[in-house]
Amino acid sequence: LIHIEKSVPFSMCRLISFILYRYRYPSMTACAYSFGATKMPVFLIIMISFQTVNGKCMNAAVRAVVRMGIYVGAKVYFIHEGYQGMVDGGDNIEEASWESVSSMLQVGGTVIGSARCKEFRSHEGRLKAAHQLILRGITNLCVIGGDGSLTGANLFREEWSGLLEELVQQGLIDEEAAQNNSELHIVGMVGSIDNDFCGTDMTIGTDSALHRIIEVVDAIMTTAQSHQRTFVLEVMGRHCGYLALVSALACGADWVLIPEMPPEDGWEEHMCQKLSESRSRGSRLNIIIVAEGATDRQGKAITVDNLVVSCLGFDTRVTILGHVQRGGTPSAFDRILASRMGVEAVLALLEASDSTPACVVSLCGNQAVRLPLMECVQMTQDVQKSMDEKNFEEAVRLRGSSFKVAVLNVGAPAAGMNAAVRSAVRVGIKEGHKMFAVNDGIEGFYKGQIKEIKWGDVAGWTGQGGSILGTKRTLPAKHLDKIAEQIRIHNINALLVIGGFEAFECLLQLYEARTSHEDFCIPMCVLPATISNNVPGTDLSIGADTSLNAIVETCDRIKQSASGTKRRVFIIETMGGYCGYLASVGGLAAGADTVYIYEEPFGIRDLQSNVEHLTEKMKTGIQRGLVLRNENSNENFTTDFIYQLYSEEGKGVFDCRKNVLGHMQQGGAPSPFDRNFGTKIAAKAIQWISRKLKESYKDGKVFANTEDTACLLGMRRRTMAFQPVVQLKDETDFAHRIPKEQWWLKLHPLMKILAKYKTSYDVSDSGQLEPVTRVRPKKAD
């Protein structure tokens, strides 16, 4: 046992902990930060500051920082009202407790407030702020805001030693206090619905804003369809067109206008021509999305409603969404993103030293990374500078023969499948291919349910749930001869399969059948689309985000129902087969107390321990509990068994209710993330198919029999990768239909930590400070 006294420097504590972690406790990573934690002179402070008031889904980040900070033995403070609260001090700086961040995951905005502060921009204001921090011994700052707020935090850090000297000279602090608080460490998290910060793929709040936009667009499309109207929607984005562009992709808009890419001269005629062509193909509506900061090449603000009326005579309406985009319940994606970033921010502060620059926690693909704060801020400011100088190509850079292709869905339906089909069809047509749709999956394939699908046939598909093409779980192994015959009849040159684990198995069987059926020697690609997220070779699948949102929304309502009755525990069963992704990640997003999954075996002692944990919780001010169970987590400890056990053991302390969510997790309109994800990876898949077709076309025939011509396109950590399905075979547990290694299992301990369990947390995969990669312009061909 090692007893760490207060006099031991924190750097020495880190060193001792690191040695223990590396050489004695390799599987108990939390030891690196929890040994003697009560004696560690670590202070964390969390504040939210915005140059423009911008609260969206910050509470999940606040909760994660507070609970992870307490978990590692830190003393955590809130600063209410941003930098203004830091300058004013007093009750604005308040110590946070575990219970103080309870029941805030589902609340939008920020419970600790946010405000503009002119005083902090002055040296005198920052001097006052430094004094307030020194009075409480605070030397670590976690700042959530935009580039202006983060720039201010970095300036504060750079001036810190000078500010301490001034405070000593003025007699406000003594030399000992200055020496004990000589270093200020800063970690930033970006909170912005505009997604306008360079260095991260997604900022906290953006996905929730997209949810609000898509909800409005979906509602408007019904009335537009009925009355044959054109709707112009203005969304936020004064300097950044992300919301406009992605919402246009997600809803299948006819036209989009963004600040970074002002249209070329004569765009008005081009747009009207496209709208007219759309109507002539039978469309009854047009959707135009405009970012509020969109201008033409001369810098003049764009208005299109009068243009459409005067040129085409279409009945046109304008809807300005405004601050609707900032409000509402945070999405599941934002809750998970904010929780992951909050934990990473705490780890970054624990590892910070005087030689490490201030960093910002960012998302790259599916990986949390740490980047130098001011390099990201500089890139963000360079974008605006390029736009001000009308160098729009630079601004965008700073942000990066006919074949027949058949598309089919295989496996269970998943929201976002239709968006992927639409994207594949239209990109395929643009690439010069003739696109064919196969109805009812493999069963329809061998029965010949194949027909050409054209541009207008997929109009309006993006927002539709389920599978319009139809999908079944049938696999091709027993029907290879008939499928090969249909490929010959329709002269199909490539195949795109969209679906879950069955789709992966389907492509694997077709690849292995190449030795006996030359007709399968064509480029083939599978796109993962399943709510279970159990396909090997990818971190994320189309449809999983929509299902997570359905679970989180249900859990929010269930928790709200317990606010009046108190002392109630809810047992909720989720789908997913043997894959615990929905239960585990849904539990993290919903603030569950316990999650039971197949990947983490549990027994009767674990169940008893969980009951005792909830019993202790009921003695606090948080008198409700939430337990999620994956449907196949254990064949003996069923949902009914767990419900009866909790009911019996909790008698007199709490009562229980159970809820089996069932197929509601599979239905509904796709989330913005799934629409966007499906659209992008389908486009990427078709471009890959086009390249493989050109490579394998010889002597008037397509012949592709190498491993790299039958691939799965998936997101692996930071990148989208095409992986031969035969190589993924060794990574797959076919008996339980799951990958042998699953990235999200590292989030499972995080859920336990945030639910106040004593457990270990693996920091081996935590982010390290990395240089910012700038996109270099490519030479024109």
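Of note:
- Inside the stretch 638-667, residues that are assigned to a loop (DSSP other than H, G, I, E, B) and over 12 Å from Val627 (Cβ atoms) make up a count of 7.
Residues checked against (1) at pLDDT 95 or above; (2) among the basic types (Lys, Arg):
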| position | (1), (2) |
| --- | --- |
| Glu573 | yes, no |
| Val595 | yes, no |
| Asn610 | no, no |
| Leu614 | no, no |
| Lys617 | no, yes |
| Arg624 | no, yes |
| Leu628 | yes, no |
| Ser633 | yes, no |
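- In the set Asn418, Asn439, Asn409, only one residue is among the polar types (S, T, N, Q), modelled with pLDDT of 95 or more and touching a helix residue (DSSP H, G or I) at 6+ places or on another chain (Cβ under 7 Å); that residue is Asn409.
- Scanning the stretch 461-473 for residues that are open to solvent by 40 Å² or more (accessible area, probe 1.4 Å) and part of a loop (DSSP other than H, G, I, E, B), we see that the one that is farthest from Leu507 (Cα to Cα) is Gln464.
- Test result for Ala224, open to solvent by 10 Å² or more (accessible area, probe 1.4 Å) and not aromatic (Phe, Trp, Tyr): no
- Boolean, Ser100 is under 27 Å from Thr206 (Cα atoms), touching a strand residue (DSSP E or B) at 6+ places or on another chain (Cβ under 9 Å) and surrounded by fewer than 19 Cβ atoms within 10 Å (Cβ to Cβ): yes
- Ser516 meets all of the listed conditions (1) farther than 29 Å from Ala415 by Cβ; (2) touching a Phe, Trp or Tyr at 6+ places or on another chain (Cβ under 8 Å); (3) not aromatic (Phe, Trp, Tyr) but one, namely (2).
- Residue match in the stretch 441-450 (condition: aliphatic (A, V, I, L, M), farther than 29 Å from Lys698 by Cα and either open to solvent by 10 Å² or more (accessible area, probe 1.4 Å) or assigned by the TED database to the domain that holds Ser278 (or both)): no
- Residues of the stretch 143-171 satisfying the condition of being of a type in the set (Gly, Ala, Ser), open to solvent by 10 Å² or more (accessible area, probe 1.4 Å) and farther than 13 Å from Arg126 by Cα: Gly146, Gly148, Gly171
- Of note, Ala358 does not satisfy the criterion of being touching a helix residue (DSSP H, G or I) at 6+ places or on another chain (Cβ under 9 Å) and either among the aromatic types (Phe, Trp, Tyr) or under 30 Å from Ile429 (Cα atoms) (or both).
- Pairs with Cβ under 6 Å, 6+ apart, first in the stretch 125-149 and farther than 21 Å from Ala348 by Cβ and outside the structural domain of Ile186 (by the TED database), second among the hydroxyl-bearing types (Ser, Thr, Tyr) and not in a helix (DSSP H, G or I): none
- Test for Leu626: is it in contact with a helix residue (DSSP H, G or I) (Cβ under 7 Å, 6 or more places away or on another chain) and not acidic (Asp, Glu): yes
- Taken as a whole, the structure leaves Glu277 outside the set of residues that are open to solvent by less than 70 Å² (accessible area, probe 1.4 Å), in contact with a Gly (Cβ under 9 Å, 6 or more places away or on another chain) and either assigned to a helix (DSSP H, G or I) or of a type in the set (D, E, K, R) (or both).
- Those residues of the stretch 717-728 which are touching a helix residue (DSSP H, G or I) at 6+ places or on another chain (Cβ under 9 Å), modelled with pLDDT under 95 and either open to solvent by 60 Å² or more (accessible area, probe 1.4 Å) or not assigned by the TED database to the domain that holds Phe504 (or both), in sequence order: Arg717
- Leading residue by the ranking (nearest to Ser355 (Cα to Cα)) among those in the stretch 172-191 that are surrounded by fewer than 24 Cβ atoms within 10 Å (Cβ to Cβ) and of a type in the set (Gly, Ala, Ser): Ser182
- Per the listing Lys778, Lys746, Lys752, the residue uniquely in a helix (DSSP H, G or I), modelled with pLDDT under 95, farther than 30 Å from Gln509 by Cα and open to solvent by 60 Å² or more (accessible area, probe 1.4 Å) is Lys746.
- Scanning the stretch 199-220 for residues that are part of a helix (DSSP H, G or I), open to solvent by less than 10 Å² (accessible area, probe 1.4 Å) and closer than 26 Å to Met189 by Cβ gives Thr206, Asp207, Ser208, Ala209, Leu210, Ile213, Ile214.
- The residue that is most open to solvent (accessible area, probe 1.4 Å), among those in the stretch 236-254 that are aliphatic (A, V, I, L, M) and part of a helix (DSSP H, G or I), is Leu245.
- Residue list for the stretch 326-348, restricted to those being more than 14 Å from Ser362 (Cα to Cα) and surrounded by 24 or more Cβ atoms within 10 Å (Cβ to Cβ): Pro330, Ser331, Ala332, Phe333, Arg335
- Elements of type strands (runs of 3 or more DSSP E) in the stretch 511-603, at least 2 residues being under 18 Å from the mean Cα position of the chain (by Cα) and within 30 Å of His479 (Cβ to Cβ): none
- Residues being open to solvent by 30 Å² or more (accessible area, probe 1.4 Å) and either under 31 Å from the mean Cα position of the chain (by Cα) or not assigned by the TED database to the domain that holds Asn659 (or both) - total across the stretch 625-637: 3
- A search for C-beta distances below 6 Å between a residue of the stretch 548-574 that is under 22 Å from Ser647 (Cα atoms) and any residue that is open to solvent by 40 Å² or more (accessible area, probe 1.4 Å) and in a helix (DSSP H, G or I), counting only pairs 6+ apart in sequence or on different chains, returns Ile571/Tyr643.
- Selection from the stretch 255-271 of residues that are touching a helix residue (DSSP H, G or I) at 6+ places or on another chain (Cβ under 9 Å) and part of a loop (DSSP other than H, G, I, E, B): Ile258, Pro259, Glu260, Met261, Pro262, Pro263, Glu264
- Residue pairs whose Cβ atoms lie under 6 Å apart, separated by 6 or more positions or on different chains, with the first residue in the stretch 455-475 and more than 15 Å from Gly678 (Cα to Cα) and the second modelled with pLDDT under 95 and of a type in the set (Val, Ile, Thr), are Trp455/Ile429.
- Ala412, sole failed condition from (1) closer than 30 Å to Asp194 by Cβ; (2) part of a loop (DSSP other than H, G, I, E, B): (1)
The values are calculated or read from the model by the stated rules, or taken from the named source; none is laboratory data. Please read these numbers as outputs of a predicted model, since none were measured by experiment. Cβ atoms come from the backbone with ideal geometry, glycine included; neighbour counts cover every protein chain shown. The accessibility values were calculated without ligands, DNA or RNA, using every heavy atom of the protein model including side chains. Shrake-Rupley method; radii C 1.70, N 1.55, O 1.52, S 1.80 Å.
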